[in-house]
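Enquirer: The structure follows.
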Amino acid sequence: MAFGGSEQVSDALVIPTSIKIVVAGGFGVGKTTMVNSVSEIPPLSTEEVLTEASVGVDDMKGIEGKETTTVALDFGRITINPQVVLYLFGTPGQNRFWFMWDELAQGALGAIVLVDTRRLDSSFPSIDFFERRNIPFIVAVNGFEGAWEHSIEEVRQALDIDPTVPVVQCDARKRESSKDVLVELVQYTMDQLQSASA
């Protein structure tokens, strides 16, 4: 992707490295909220109002008050430092839109799997997706209503993920919390790349 400009650091021209990150998870876990909270540009969102056509198709258990849904993708950008710019691609959560995930994940350095512990079973398809494609990912437990009812270790065991995969708590509504998750993912993927090259 092209950048609007460059920055001078210590009299040297620095061209930022662009990194593609996928924000994934089940229906209604907070993907759009995370992208919106952390993006430094007005995020592109394909949110549409839920209609009666979704009744019996989309699993609304635990999110009965949800009124909109992502039908294609969410897109945002955040500059971590002058050398690193992250481009965020939020996936649609409903099963009927999963055919788009392969396109959205192509070229991604890593992924965040957002988890709602009230509906943990909705996380398994996302985890399976990234494991099968060998795309590094971390799990972020989104604390709805500001509370986390389960410990990190309980979530890890319930999801049956590799012990090396980071599991972190977050509040997708808060910029700093979402930013911390992104930093954790970048660090994890860098560590994975270094281990692979060694």
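The values are calculated or read from the model by the stated rules, or taken from the named source; none is laboratory data. Keep in mind it's a predicted model, so treat the numbers as computed, not measured. All Cβ positions, glycine included, derive from the backbone under ideal geometry; neighbour counts span all protein chains shown. Note: accessible area is taken over every heavy atom of the protein model, side chains too, but ligands, DNA and RNA are not part of it. Shrake-Rupley method; radii C 1.70, N 1.55, O 1.52, S 1.80 Å.
Enquirer: What are the pairs with Cβ atoms under 7 angstrom where one residue, in region 19-41, is without any contact (Cβ under 8 Å) to a residue 40 or more places away in the chain and the other, located anywhere, is open to solvent by 10 Å² or more (accessible area, probe 1.4 Å)? Sequence gap at least six, or different chains.
Expert: Correct list of pairs: 40/77; 40/79; 41/77.
Enquirer: Continuing with the same structure: Can you pull out every residue in region 112-168 that is small (Gly, Ala, Ser) and either surrounded by fewer than 19 Cβ atoms within 10 Å (Cβ to Cβ) or free of Cβ contacts under 8 Å to residues at least 12 places away in the same chain (or both)?
Expert: Passing the criteria: 146, 147, 151, 158.
Enquirer: For residues that are touching a strand residue (DSSP E or B) at 6+ places or on another chain (Cβ under 8 Å) and either charged (D, E, K, R) or within 13 Å of residue 20 (Cβ to Cβ) (or both), tally how many sit in region 95-130.
Expert: Residues in region 95-130 being touching a strand residue (DSSP E or B) at 6+ places or on another chain (Cβ under 8 Å) and either charged (D, E, K, R) or within 13 Å of residue 20 (Cβ to Cβ) (or both): 9 in total.
Enquirer: Restrict the check to region 53-69 and report whether at least one residue is at pLDDT below 60, assigned to a strand (DSSP E or B) and among the hydroxyl-bearing types (Ser, Thr, Tyr).
Expert: Looking through region 53-69, at least one residue is at pLDDT below 60, assigned to a strand (DSSP E or B) and among the hydroxyl-bearing types (Ser, Thr, Tyr).
Enquirer: Residues of region 91-107 being modelled with pLDDT under 80 and open to solvent by 100 Å² or more (accessible area, probe 1.4 Å), which ones?
Expert: Of everything in region 91-107, those that are modelled with pLDDT under 80 and open to solvent by 100 Å² or more (accessible area, probe 1.4 Å) turn out to be 95, 96, 99.
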